[in-house]
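Reading through the structure tokens given below for one structure.
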Amino acid sequence: MSQPEKGPEGGPEGRAGGLAGAREGRRRGDLTSGPFPHGDWGEPAARLDELYRRVEGEALRTVEWYLTDRRGKRGAARALRLGSVLGAAAGLALPLLEAVGVAGVGPWGYPLLLGAVACLACDRWFGLTSGWMRDVATAQAVQRRLEALRYEWATESVREALGPTEGTAGEAAERCLGVLRRFSEDVTELVRAETADWMLEFRGGGTALLTQTTTAAAAGGGGGGREEGPPGGRVAVGRFPSQPPGARPTMPRQRPPEGPRL
């Protein structure tokens, strides 16, 4: 089976198809797969070229989706972190100014410190910084896998162009389809892993904040053990359970010593 003289990655038509797929993804706004191309497989080279363009366009659309989603999260995360830094700095500086003689500014430090903590809590609650990092990591991973696909596809094209052809035309077509299928599965797995991380963070974000708040409240109220009831009514719980009054203590059974071996 003969491949096209120019691989889809080298011709302007392949790049135009990939960019069109990326623009289509921006219009839709969701990571949904497009329709699978059906055609006459009497010309396998043309069908494989069409499949390659579709796979490359889907990958470029995925990268563009994550990079677009990153922009909003990056701006909000930077704003909240800047607010936390400024609030903490001002909240610590105002009491110092009052100490050196500026009257009436010290009490304003507490609301500023509270605002700094609120900015960090919002960043963590909404997952802005972590989502920003996930978007960048996923986009880079898909881009690296796309570069690997391009070189694999170029290798298959060169192998068929230079010859001698290894195996039959059906085996060559199956090998090319295997390359495209593995790439699609890898990209899908990258997206699935990122979505799973987001779900875990979404479920555990509120629980983590609630746990931290409860722990801080317990530490502020005293870290001693809780005592219930009058002192005389407490029951000490040690390593061994206490015996009721008048009961004989029981000793654990011991194994009798063995005689000397002859």
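The values are calculated or read from the model by the stated rules, or taken from the named source; none is laboratory data. Nothing here was measured: the structure is a model prediction, and the numbers come from that model. Here the Cβ positions follow ideal geometry from the backbone for every residue, glycine too, while neighbour counts run over all protein chains shown. Note: accessible area is taken over every heavy atom of the protein model, side chains too, but ligands, DNA and RNA are not part of it. Shrake-Rupley method; radii C 1.70, N 1.55, O 1.52, S 1.80 Å.
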### Summary
Zone reached by a paramagnetic label modelled 7 Å from L92 Cα along Cα→Cβ, restricted to the range 116-138 with backbone N below 19 Å, covers 116-121
### Message
Along the charge dipole of the range 48-167, pointing to its positive end and built from +1/-1 on Cβ of Lys, Arg, Asp and Glu, which listed residue (S84, M133, Y66) has its Cα farthest out?
### Response
S84
### Task
With a Förster radius of 25 Å, plug the Cβ-Cβ distance of D40 and R181 into 1/(1 + (r/R0)^6) and report the FRET value to the nearest 0.05.
0.75
### Query
How much length is gained on full extension from E201 to T155, taking 0.36 nm per residue of separation minus their Cα-Cα distance?
12.5 nm
### Query
In what order, largest first, do D186, D30 sit by accessible area if the probe radius is 1.4 Å?
D30, D186
### Query
How much FRET efficiency would the formula 1/(1 + (r/R0)^6) give for F126 and A193, where r is the Cβ-Cβ distance and R0 is 22 Å, rounded to 0.05?
0.55
#### Entry: Simple spin-label estimate for T68 and Q140 in nanometres, 7 Å along Cα-Cβ
2.3 nm
### Task
Compute the FRET efficiency between A79 and M133 as 1/(1 + (r/R0)^6), taking r as their Cβ-Cβ distance and R0 = 25 Å, and round to the nearest 0.05.
0.90
